[in-house]
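Asker: Below you will find the structure I want to go over with you.
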Amino acid sequence: MKNKVLSMIALITVFVPLTVVFFWKPDNPNATALLVGYFIFIALSFFYSLFLFAKKHLKDTLTKVALGLNGFYFLGILILLIIPRFI
């Protein structure tokens, strides 16, 4: 039961970044801070899913989906925002 709850939490964190559509407006002076907050949340969600998969050995479907989508979000942030700043 505990593992099911942990997997559901990981899966729910996949849908939270999609709410940026409702809150982000380009003309808002706090838009950058809002996006940085979402990016930090995505990174934490990815590492939480990775922790469940690697350390807790939760290899059920919910954890795999959460890890895949959070990894996709995290990789997108790295490729589009972080890495180009260093090059």
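Asker: Return yes when LEU35 is aliphatic (A, V, I, L, M), surrounded by 11 or more Cβ atoms within 10 Å (Cβ to Cβ), out of contact with any Ser or Thr (no Cβ under 7 Å at 6 or more places or on another chain) and closer than 20 Å to LEU75 by Cβ and no when it is not.
Answerer: So LEU35 passes the test.
Asker: Now for a separate question. For LYS25, indicate whether it is loosely packed, with under 14 Cβ neighbours inside 10 Å and either on the phi > 0 side of the Ramachandran plot or of a type in the set (D, E, K, R) (or both).
Answerer: Here the answer is yes, as LYS25 does meet what is asked.
Asker: Separate question: Here are some residues: LEU58, LEU44, LEU50. Which one is part of a helix (DSSP H, G or I) and either under 19 Å from ASN3 (Cβ atoms) or at pLDDT below 95 (or both)?
Answerer: Criteria check complete, one pass: LEU50.
Asker: Here is a check on your reading of the model: is VAL14 surrounded by 14 or more Cβ atoms within 10 Å (Cβ to Cβ), within 17 Å of the chain's Cα centre (by Cα) and part of a helix (DSSP H, G or I)?
Answerer: yes
Asker: Give me the residue from the stretch 45-87 that is more than 19 Å from ILE12 (Cα to Cα) and in contact (Cβ under 8 Å) with a residue 24 or more places away in the chain and, out of that set, surrounded by the fewest Cβ atoms within 10 Å (Cβ to Cβ).
Answerer: Filtering the stretch 45-87 for residues that are more than 19 Å from ILE12 (Cα to Cα) and in contact (Cβ under 8 Å) with a residue 24 or more places away in the chain, the one surrounded by the fewest Cβ atoms within 10 Å (Cβ to Cβ) comes out as LEU81.
The values are calculated or read from the model by the stated rules, or taken from the named source; none is laboratory data. These numbers were taken from a predicted model, which means no experiment stands behind them. In this analysis, Cβ positions are derived from the backbone assuming ideal geometry, glycine residues included, and neighbour counts consider all displayed protein chains.
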